[in-house]
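Here is the structure we will look at, set down as C-alpha cells.
The values are calculated or read from the model by the stated rules, or taken from the named source; none is laboratory data. These numbers come from a predicted model, not from an experiment. Neighbour counts are summed over all protein chains in view; Cβ atoms, including those assigned to glycine, are modelled from backbone coordinates with ideal geometry.
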There are 2 protein chains.
Amino acid sequence: MHEIKTLGVETELHRFFAAARLRASDYGDHYVALWDALDQASRGGKRVRPALVLAAYDGFGGTDHALSTPVAVSFELLHTAFLIHDDVIDGDLSRRGMANISGRFTARALEYGARTLQAEAWASTAAILAGDLALSEAHRALALLPVDTEMRGRLLGLLDRAVFVSAAGELADVTNTVSRVPLTIDQVITTLEHKTAIYSFEAPLQAGAVLAGAPEEAIDALGLFGRLIGIAFQLTDDLLGVFGDPETTGKSVLADLREGKQTALIAHASATDRWPLIAPFLGKHDLTEAEADQVRNHLRDCGAPETADALAREYASRAVDALETPVMPDVLRVTLTQLALSAVTRRK
Amino acid sequence: MHEIKTLGVETELHRFFAAARLRASDYGDHYVALWDALDQASRGGKRVRPALVLAAYDGFGGTDHALSTPVAVSFELLHTAFLIHDDVIDGDLSRRGMANISGRFTARALEYGARTLQAEAWASTAAILAGDLALSEAHRALALLPVDTEMRGRLLGLLDRAVFVSAAGELADVTNTVSRVPLTIDQVITTLEHKTAIYSFEAPLQAGAVLAGAPEEAIDALGLFGRLIGIAFQLTDDLLGVFGDPETTGKSVLADLREGKQTALIAHASATDRWPLIAPFLGKHDLTEAEADQVRNHLRDCGAPETADALAREYASRAVDALETPVMPDVLRVTLTQLALSAVTRRK
C-alpha cells in the first residue's frame with residue numbers, strides 16, 4: 001500500500017544516510033562501513049509504518065508532506081533500531097536473507113585477520129552502536145518538527161509510549177523464550193501487542209492523525225484498530241514462521257522452532273495431549289528438517305494452525321469493527337480494511 | 001563542584017524514575033526491576049556533565065532553571081546510556097564497585113533457576129533495553145524544552161554531534177582493543193577525544209552557554225576548553241587505571257591491563273626497548289597481581305607514567321589558555337580553571 005506516497009520517505013532516508021556517510025568519513029573507514037550497514041539495515045522492509053503515518057495524515061486532510069515525511073521517517077528508523085538491537089539480543093547474523101550489521105562486521109573483522117571471538121565482539125559493538133544511532137535519529141526527526149509546543153508534546157508522547165511499551169514487550173519475549181514455561185494464548189497475545197503492535201501500528205496511525213488534527217474519537221479508534229491489527233499481523237507472522245513457504249516468505253521455517261519461540265501455535269498445543277510429542281523439540285538448536293516435519297504434523301493434529309489462523313482473523317475482524325465510527329474518513333477506512341484483510345491472507 | 005546546583009537535577013531524575021517505575025508496574029515485575037536497575041545505573045557518578053551545563057548557563061547569566069535542568073538531565077542520561085551499552089560491549093557485570101544492569105539481571109535469572117548461558121543472554125537483553133530507554137529520555141528531555149525553533153535546533157545539534165562522535169570513538173576504541181596493533185599517542189588522544197571529551201565536556205558546556213545566549217566566540221572557546229580538558233581527564237583516568245590506589249579510586253588496577261586497553265602509557269612504552277617485556281602481558285585475561293607489578297615496573301622504567309602525566313598537564317594547561325578571552329565571564333573562568341586543576345591532580 002502507498003508505494004508512491006512513501007517515495008518521499010525513501011528520498012528523505014537516502015538524504016539522511018548520504019549526509020551521515022560523508023560526515024562519518026572524518027572518523028575512519030570502519031565508521032563509514034557502520035553507516036553503510038545501517039543504511040542497508042533500513043532498506044528491504046515493507047515500509048508499513050511510514051505508510052500508516054501517511055495514510056492517517058492524508059486521510060484526515062493533512063497536506064503538508066514536509067511535516068508528515070519526518071514523522072514517517074521517525075517511525076521507520078525506530079523500527080530499524082529495534083530490529084538491529086533485537087538481532088543483537090538473539091545473536092542473529094542475518095535478516096531478510098542477507099547479512100545484518102553483525103553479519104557484515106563479523107565478515108569484515110575476519111577479513112582484517114581477527115580471531116572468531118574478537119570478530120563477534122566487534123560485530124556486536126557495531127550493531128549496538130548502529131541501533132543507538134538509528135534510535136537517536138528517530139527522536140531527532142520528531143524533535144526538529146516545526147510545530148507548536150502542544151503538537152510536539154503529543155507526537156513525542158506517542159514515540160515515548162512506543163519505546164516504553166516495546167521495551168517491556170521485548171523483555172517479556174526474551175523472558176518467555178528463556179523460561180520455557182508454556183504460556184497461555186492470552187499471554188502470547190499480550191507480548192505481541194507490547195513488543196510489536198504499539199510501535200508498528202498504533203503509534204504511526206495515531207501520529208499521522210494527530211499531526212492532521214483529527215478528532216480525539218478518531219485517534220482512539222485508530223489506536224484500538226492498530227493494537228488489534230498488530231496482533232493479527234503477528235499471529236499470521238508466527239503461523240508463517242512454522243507453516244509458511246520459505247521460498248515465498250524468505251524466512252526459514254526452522255528458526256522459530258529452534259529458538260523455542262512462544263507463539264499461539266505452541267500455547268494452543270501445550271494444552272493438548274500432543275504436547276509431550278512436541279515439547280522436546282522446541283528450543284532444540286540443531287532441530288533437523290525431518291524433526292520439524294514431525295512437529296508440524298503434531299501441531300496440525302491438535303489443530304494449532306487452525307486455531308492461530310482463526311484467532312488472527314478474529315483480531316482482524318475486530319480491528320475492522322473499530323473503524324466503524326462516523327469520524328473515520330471513508331478513504332482511510334477502505335485503506336485500513338484492505339490492510340486488515342491482507343494481514344491475515346498474506347503468504348509472506 | 002556545584003553540588004548544590006545539581007540538586008535540581010537529582011530531584012528531576014528522581015521524579016522521572018519514580019514515574020517510570022509506576023508506569024512499568026503495568027508490564028510485570030521484571031520490567032519494574034529493569035527500571036530499578038536503570039535508576040541505580042544513573043546514580044553514583046560525579047554528575048560532571050550536569051554541573052558543566054549549569055556552570056556555563058549560570059556563568060552567562062542564565063536564571064531559568066526550569067530550562068537548564070532538563071538540559072543537564074539530558075546529558076546525564078546520555079552518559080548513563082553510554083556507560084550501560086559500553087558495559088554490554090565489554091561484557092562487564094559491575095561498575096563503580098557494584099553489580100551493573102547485566103550483573104543484577106544475571107543474579108535475578110539465576111534466582112529464577114535459569115542456566116548460566118540463558119542468564120547471560122537475558123541480562124544483556126535487559127542492559128541493551130535499559131540503554132535504549134536512557135538514550136530515548138536524553139533526547140526527549142531536550143525535545144520537550146519550551147524554547148524557539150532556532151534554540152531547539154542548536155541544542156539538538158549539540159546532542160546529535162555528541163551521539164555521532166561518541167559512537168565513532170567507541171567503535172574505534174573497541175577496534176583498537178581487538179586489533180592489538182600498538183597505537184601512537186596521537187591516535188590514543190584522538191580516540192579519547194571522540195569517545196569521551198565531546199559528549200562529556202564540549203557538548204554540556206556549549207549547551208549551557210547556548211541556552212543562556214552566550215556569544216559565539218565564547219561558545220567556541222568552551223568547545224575548545226571542553227575537548228582539551230576532556231582529553232586531560234581521560235589521560236589521568238588511564239594513569240589511575242594502572243597506577244592509582246584501588247582503595248581511593250574504587251577501580252581495579254588490573255582491568256585495563258587485562259583488557260589490553262590502548263592508553264597513552266602503552267603507546268609510550270610501545271616505542272621503547274621495554275616493549276618486549278610488557279607486550280606479552282597486555283590483554284592477558286588472567287593476569288596476576290605479581291605480573292601486573294612487573295608490568296608497572298617496566299612502564300616506570302621507560303617513563304610511561306611521567307609521560308602520561310605530563311601530557312595530561314599539558315592538555316589541562318592548554319584548556320585553561322582557551323578560557324583567556326574577554327567574552328568569558330570571570331566566575332565561569334575560575335570554576336573551569338579549578339576543574340582543569342582537579343582533572344590532573346585528582347587521585348580518584
- Filter the stretch A:123-152 down to residues that are in contact with a Phe, Trp or Tyr (Cβ under 9 Å, 6 or more places away or on another chain) and without any contact (Cβ under 8 Å) to a residue 40 or more places away in the chain and give me whichever is farthest from the other protein chains (Cβ to nearest Cβ). A:Ala123
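Being over 23 Å from A:Ala167 (Cβ atoms) and touching a helix residue (DSSP H, G or I) at 6+ places or on another chain (Cβ under 8 Å) narrows it down to one residue among B:Ser124, B:Ser68, B:Ser74; which is it?
B:Ser68
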- Among the candidates B:Asp86, B:Asp36, B:Asp92, single out the residue that is in a loop (DSSP other than H, G, I, E, B) and within 14 Å of chain A (Cβ to nearest Cβ). B:Asp92
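Do we find that B:Leu77 is more than 25 Å from B:Thr177 (Cα to Cα), more than 11 Å from chain A (Cβ to nearest Cβ), of a type in the set (A, V, I, L, M) and surrounded by fewer than 17 Cβ atoms within 10 Å (Cβ to Cβ) in this structure?
Against the criterion (more than 25 Å from B:Thr177 (Cα to Cα), more than 11 Å from chain A (Cβ to nearest Cβ), of a type in the set (A, V, I, L, M) and surrounded by fewer than 17 Cβ atoms within 10 Å (Cβ to Cβ)), B:Leu77 does not qualify.
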- Task: Go through (1) part of a helix (DSSP H, G or I); (2) surrounded by fewer than 20 Cβ atoms within 10 Å (Cβ to Cβ) one by one and return the number of the condition B:Gly113 breaks.
- Result: (1)
- Note on the structure: Among residues of the stretch A:252-273 being out of contact with any Leu (no Cβ under 7 Å at 6 or more places or on another chain) and in a loop (DSSP other than H, G, I, E, B), the residue modelled with the lowest pLDDT is A:Ser252
- Task: Considering (1) part of a helix (DSSP H, G or I); (2) in contact (Cβ under 8 Å) with a residue 12 or more places away in the chain, say which one B:Ala66 fails and leave the rest.
- Result: (2)
- Scan the stretch A:85-109 residue by residue and report those that are over 18 Å from A:His30 (Cα atoms) and touching a residue at least 40 places away in the same chain (Cβ under 8 Å). A:His85, A:Asp86, A:Asp87, A:Val88, A:Ile89, A:Asp90, A:Arg95, A:Arg96, A:Gly97, A:Met98
- Message: Take the residues in the stretch A:39-73 that are over 30 Å from B:Glu170 (Cβ atoms) and within 14 Å of another protein chain (Cβ to nearest Cβ); name whichever of them is surrounded by the most Cβ atoms within 10 Å (Cβ to Cβ).
- Response: A:Leu67
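Please verify whether the stretch B:85-103 includes one or more residues that are touching a Leu at 6+ places or on another chain (Cβ under 6 Å) and under 21 Å from B:Phe201 (Cβ atoms).
no
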- When residues of the stretch A:282-311 are limited to those that are more than 28 Å from the chain's Cα centre (by Cα) and in a helix (DSSP H, G or I), the one surrounded by the fewest Cβ atoms within 10 Å (Cβ to Cβ): A:Ala290
- Hey, does the stretch A:274-281 have a residue that's part of a loop (DSSP other than H, G, I, E, B) and either within 22 Å of A:Val344 (Cα to Cα) or not β-branched (Val, Ile, Thr) (or both)? yes
- Message: What are the pairs with Cβ atoms under 9 angstrom where one residue, in the stretch A:329-348, is more than 16 Å from A:Ala312 (Cα to Cα) and of a type in the set (Lys, Arg) and the other, located anywhere, is at pLDDT 95 or above and outside any loop (DSSP other than H, G, I, E, B)? Sequence gap at least six, or different chains.
- Response: A:Arg333/A:Gly59; A:Arg333/A:Val320
- Scanning the stretch A:153-179 for residues that are more than 7 Å from chain B (Cβ to nearest Cβ) and either surrounded by fewer than 20 Cβ atoms within 10 Å (Cβ to Cβ) or among the polar types (S, T, N, Q) (or both) gives A:Arg154, A:Gly157, A:Arg161, A:Ser166, A:Asn176, A:Thr177, A:Ser179
- When you go through (1) surrounded by 20 or more Cβ atoms within 10 Å (Cβ to Cβ); (2) more than 10 Å from chain A (Cβ to nearest Cβ); (3) closer than 24 Å to B:Leu171 by Cα one by one for B:Arg104, which number turns out not to apply? (3)
